[in-house]
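> Below is a structure I'd like to ask you about.
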């Protein structure tokens, strides 16, 4: 167990390091050094930057030094919580991102929870009633789910919602709560708006999980211990839920490791279509305006959040599955 | 899908490996259907300009946002392909262009008509198209799937876009395949430190959300790059992250094959490593690789579509599914011109077809299972 924990922690740290390097590369990518670009942008937006201030910025980021020193300096600033300025807004990056990062996580986690809630009963049903009409219907929906990129699904649903119900399904808050401070009412409003984006984001994952669950459970149901339990007269319901489902559930939890990055990734683009207040629209705007501190920081934070999320899910898995704990 | 064992043919014992795989594959009906669809789509991509009838870049404000109009097949009980003439006016109140069909004006539609010039495979100049209008320019008479705000014909653009998106998928999967075989092969063959490093690399890449990363990389492409440069750059960006699954499959196969009798026999017989790998190991997992590659293409196509949809991938005048869908981004445009969402249909069909094909190939790759 300790080895597993150490191994996972090391990997998480390594991944976070890789993400910082990638984010730094993204900040560096546009032509010219980024402080010059930054100053040019500041000046074009009307702020006055003195030569002295420019020199200070250059020093701060070590632009006259080799690239690895620049990286280390940038990392040093990041560790102090200084992510630079978002030029378009004239505000520190941190303030611009605000609670959008949390919103991204709320939407992604909701999508995963919904994935589980939907996939579990359907997977069991499909396996127990194999080749029934319901099984075929879910298989069909599942294939469509796997084949439809989430942003296309969002577009289609948005069109249908508009055409047949004359409603706009976008957004996470009702207009009256948009700029309101957090309150019970606002949280409730969020909860009411959350299921649809979560469903859109989670559909592909749900479809996959249903297939996995169905296949695993079908394997388990053919095993002798199921026949033995049935012969002993256990009720069918208890029989299925108590043993085979528990065994089949395992890969279910372990898939969260790749499901989570996938869903965070998808949330970026779905947010744009549904205009959700996540970091997605912000990232796109920053990239188009070449506001590299903002873009790089968002990539960095999303990456780190994802790694932490996956790490936590691994710990959960360890807690649920004794084979990992003991092995 | 599983047929009872009794229908196994009698020559099962003497059928070659390839025959067994083909039989297994044919039993998978969805995979057969998927395979046929994929072939049709790629043939269509090859003849994209032939299937298009209007110049995909030909803009005309007079035809802005024209709704789809069908081709009529019968005229007074006789087979005669034609479309109705159309006149467009601007609505004085809403400033929307409204189009009125005139059933009395019939424009005949001809097969194998002449239209704009294009080059087959970029070489042979021709102006032949599957359909065209008689006595009028196709651009003015035909509007199978409607037109966009600039009056460009959606059907024709969809044909060209299909070609772009499908070839990007194929190209990036080729690069991914190269990386996957190289790194997966190294990892599986040498094991030890090399294996650990490559495996950690794969785990790291898989745990990073890809779309933000792609967006960051794609946004850095210089604005002044031409269509072809961006096309190849996007292809490379997509494949740089997409190789991990292929590498995993290759590594797994290497690991399991290393212990097989025939590989050990080859080693004992004194074969060189290169010969063992390419003569003995690769042929026996080639079919698995083909299956995994097929299953990897949809992800590549989705990536390109997503990036271009965001405006960070291919840029106009390039045409791809993503570029086309960019026009359908907001609820306002969808409300006025829902046909702009049509490019979503081939995306879903192709991805579905490739998934079924890949599933079937994967089953067929192991005909003894």
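The values are calculated or read from the model by the stated rules, or taken from the named source; none is laboratory data. Remember, predicted model here, so these are calculated numbers, not experimental data. Virtual Cβ from ideal backbone geometry, glycine too; neighbours counted across all protein chains shown.
> Only one of A:6, A:19, A:27 is surrounded by 16 or more Cβ atoms within 10 Å (Cβ to Cβ), more than 20 Å from the chain's Cα centre (by Cα) and part of a helix (DSSP H, G or I). Can you tell me which?
Being surrounded by 16 or more Cβ atoms within 10 Å (Cβ to Cβ), more than 20 Å from the chain's Cα centre (by Cα) and part of a helix (DSSP H, G or I) holds for just one of A:6, A:19, A:27, which is A:27.
> Another question, if that's okay. Might you check whether a residue that is at pLDDT 85 or above, in contact with a helix residue (DSSP H, G or I) (Cβ under 6 Å, 6 or more places away or on another chain) and closer than 30 Å to residue A:310 by Cα occurs anywhere in the stretch A:3-10?
no
> Consider residue B:75 carefully, then state whether it is surrounded by fewer than 16 Cβ atoms within 10 Å (Cβ to Cβ) and either touching a residue at least 12 places away in the same chain (Cβ under 8 Å) or more than 27 Å from the chain's Cα centre (by Cα) (or both).
Here the answer is yes, as residue B:75 does meet what is asked.
> Here is a follow-up. Considering only residues that are over 30 Å from residue B:221 (Cβ atoms) and at the interface with chain B (Cβ under 7 Å from one of its Cβ atoms), which ones fall in the stretch A:1-29?
Passing the criteria: only A:11.
> State whether one or more residues within the stretch A:233-252 are within 30 Å of the chain's Cα centre (by Cα) and under 30 Å from residue A:190 (Cβ atoms).
yes
> Shifting gears a bit: Look at residue A:276 and say whether it is out of contact with any helix residue (DSSP H, G or I) (no Cβ under 7 Å at 6 or more places or on another chain) and at negative phi.
No.
> Which residue, of B:125, B:157, B:119, B:137, is modelled with pLDDT under 80 and under 27 Å from residue B:317 (Cα atoms)?
B:137
> Same structure, new question: Enumerate the pairs (first residue in the stretch B:337-359 and at the interface with chain A (Cβ under 10 Å from one of its Cβ atoms); second residue anywhere and at pLDDT below 90 and surrounded by fewer than 18 Cβ atoms within 10 Å (Cβ to Cβ)) with beta-carbon separation below 6 Å, excluding pairs fewer than 6 apart on the same chain, so at least 6 apart or on different chains.
Qualifying pairs under 6 Å: B:356/B:30.
> Give me a count of the residues in the stretch B:127-159 that are part of a strand (DSSP E or B) and in contact with a helix residue (DSSP H, G or I) (Cβ under 8 Å, 6 or more places away or on another chain).
Result for the stretch B:127-159: 8.
> Would you tally the residues in the stretch B:165-200 being within 14 Å of another protein chain (Cβ to nearest Cβ) and without any contact (Cβ under 8 Å) to a residue 12 or more places away in the chain?
Going through the stretch B:165-200 one residue at a time, the tally reaches 3.
> Would you mind telling me which numbered condition in (1) modelled with pLDDT of 85 or more; (2) crowded, with 19+ Cβ neighbours inside 10 Å residue A:128 fails?
(2)
> Can you tell me how many residues in the stretch A:150-189 are touching a residue at least 24 places away in the same chain (Cβ under 8 Å) and under 23 Å from residue A:262 (Cβ atoms)?
10
> Something else about it: What is the residue count in the stretch A:222-256 for residues that are within 14 Å of chain B (Cβ to nearest Cβ) and over 28 Å from residue B:211 (Cα atoms)?
Final tally of qualifying residues: 1.
One line per residue, one yes/no per condition, for (1) at positive phi; (2) crowded, with 18+ Cβ neighbours inside 10 Å; (3) away from every other protein chain (no Cβ under 12 Å):
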site: B:271; (1), (2), (3): no, no, yes
site: B:276; (1), (2), (3): no, yes, yes
site: B:286; (1), (2), (3): no, no, yes
site: B:289; (1), (2), (3): no, yes, yes
site: B:297; (1), (2), (3): no, yes, yes
site: B:302; (1), (2), (3): no, yes, no
site: B:308; (1), (2), (3): no, yes, no
site: B:311; (1), (2), (3): yes, yes, no
site: B:314; (1), (2), (3): no, yes, yes
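> In this structure, is residue B:27 surrounded by 13 or more Cβ atoms within 10 Å (Cβ to Cβ) and modelled with pLDDT under 85?
yes
> Just checking, does the stretch A:110-122 include any residue being part of a helix (DSSP H, G or I) and within 30 Å of residue A:292 (Cα to Cα)?
There is at least one residue in the stretch A:110-122 that is part of a helix (DSSP H, G or I) and within 30 Å of residue A:292 (Cα to Cα).
Yes/no matrix, rows are residues, columns are (1) surrounded by fewer than 16 Cβ atoms within 10 Å (Cβ to Cβ); (2) more than 13 Å from chain B (Cβ to nearest Cβ); (3) at pLDDT 90 or above; (4) over 30 Å from residue B:338 (Cα atoms):
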{"residue": "A:98", "(1), (2), (3), (4)": "yes, yes, no, yes"}
{"residue": "A:102", "(1), (2), (3), (4)": "yes, yes, no, yes"}
{"residue": "A:113", "(1), (2), (3), (4)": "yes, yes, no, yes"}
{"residue": "A:120", "(1), (2), (3), (4)": "no, yes, no, yes"}
{"residue": "A:147", "(1), (2), (3), (4)": "no, no, no, no"}
{"residue": "A:158", "(1), (2), (3), (4)": "no, no, no, no"}
{"residue": "A:162", "(1), (2), (3), (4)": "no, no, no, no"}
{"residue": "A:169", "(1), (2), (3), (4)": "no, no, no, no"}
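> I've got another one for you. Do the conditions hold for residue B:174, that is, is it touching a helix residue (DSSP H, G or I) at 6+ places or on another chain (Cβ under 6 Å), farther than 30 Å from residue A:12 by Cα and outside any loop (DSSP other than H, G, I, E, B)?
Against the criterion (touching a helix residue (DSSP H, G or I) at 6+ places or on another chain (Cβ under 6 Å), farther than 30 Å from residue A:12 by Cα and outside any loop (DSSP other than H, G, I, E, B)), residue B:174 does not qualify.
> Taking the stretch A:257-267 as the search range and keeping residues that are touching a residue at least 24 places away in the same chain (Cβ under 8 Å) and within 10 Å of another protein chain (Cβ to nearest Cβ), which one is surrounded by the fewest Cβ atoms within 10 Å (Cβ to Cβ)?
A:257
> Is there a residue in the stretch A:70-92 that is within 21 Å of the chain's Cα centre (by Cα) and either at pLDDT 80 or above or assigned to a loop (DSSP other than H, G, I, E, B) (or both)?
Within the stretch A:70-92, not a single residue is within 21 Å of the chain's Cα centre (by Cα) and either at pLDDT 80 or above or assigned to a loop (DSSP other than H, G, I, E, B) (or both).
> I've got another one for you. Name the residues in the stretch A:268-294 that are touching a strand residue (DSSP E or B) at 6+ places or on another chain (Cβ under 8 Å) and more than 10 Å from chain B (Cβ to nearest Cβ), would you?
Those that are touching a strand residue (DSSP E or B) at 6+ places or on another chain (Cβ under 8 Å) and more than 10 Å from chain B (Cβ to nearest Cβ): A:291, A:293, A:294.
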